[in-house]
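Worksheet: one structure, shown below.
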Amino acid sequence: MEEGSMASIEEEVDDVASTPSSPENTYKDPDDGRQRFLLELEFVQCLANPTYIHYLAQNRYLEDEAFIGYLKYLQYWQQPEYIKYIMYPHCLFFLELLQNANFRNAMAHPGNKELAHRQQFYFWKNYRNNRLKHILPRQLPEPIAPLPAPVPSQPPVPPVPATSIAVTAPSAPALSPMQYAIPHGSALGKNDMRTSGVDRRKRKKEG
């Protein structure tokens, strides 16, 4: 009895394996994959935020083998026909880093999250200047002016011999007319108005 039942089960398994799956049993997106495309696009671009990656690491999503396989599957967004829909290109950079187990473990620590966020900020801050260095043409170096010809050295000038210059004594200053009229130190006394008046009265009395 048991042998007959085992034989019947094996026949049923063979019949299921031999019958091809009908197209009606395969899953088909009702909107031709549009909804799936938008959901995966949104998730991939969320990876541009180091805080979100830190959240995934803290909740042990990055330790799940199924989730790690999903991250590997999402690498198709790096292909040219899909990358044109990406608005935040940093997500592809972090998606590539998430393929590394060391990076997945490191992002569970808040310090590494802050480091990644700070480096991302510095990249945005200096992006324009770094791009201009590669876009703008470099200026040609200025030509070096030729050195001037050396000036011939002049012969030394002989020293001028010292000449004796006669020094004349200063002449005596000229006398003024007043000095000629009354010489200095003269014995002549100055006329006194009082004595001259007395002499006149005496002469009148004598006369």
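The values are calculated or read from the model by the stated rules, or taken from the named source; none is laboratory data. None of the values given here were measured: they were computed from a predicted structure. As a convention, Cβ positions derive from the backbone with ideal geometry for all residues, glycine included, and neighbour counts pool all protein chains shown. These accessible areas exclude ligands, DNA and RNA; they are computed on the full protein's heavy atoms, side chains included. Shrake-Rupley method; radii C 1.70, N 1.55, O 1.52, S 1.80 Å.
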What are the residues in region 26-48 that are part of a loop (DSSP other than H, G, I, E, B) and crowded, with 18+ Cβ neighbours inside 10 Å, if any? Leu47, Ala48
Find all pairs meeting these conditions: Cβ atoms under 8 angstrom apart; at least six residues apart or on different chains; first residue within region 58-71 and open to solvent by 80 Å² or more (accessible area, probe 1.4 Å); second residue modelled with pLDDT of 90 or more. Gln58/Ala108; Tyr61/Phe67; Glu63/Arg104
Hey, can you tell me all the residues within region 73-105 that are surrounded by 12 or more Cβ atoms within 10 Å (Cβ to Cβ), farther than 13 Å from Leu47 by Cα and without any contact (Cβ under 8 Å) to a residue 40 or more places away in the chain? Tyr76, Gln78, Tyr82, Ile83, Phe103
Quick check on region 51-107: of everything there that is assigned to a loop (DSSP other than H, G, I, E, B) and of a type in the set (Ser, Thr, Tyr), which residue is farthest from Gln120 (Cα to Cα)? Tyr85
Of Ala149, Ala108, which residue is at pLDDT 70 or above, small (Gly, Ala, Ser) and surrounded by 10 or more Cβ atoms within 10 Å (Cβ to Cβ)? Ala108
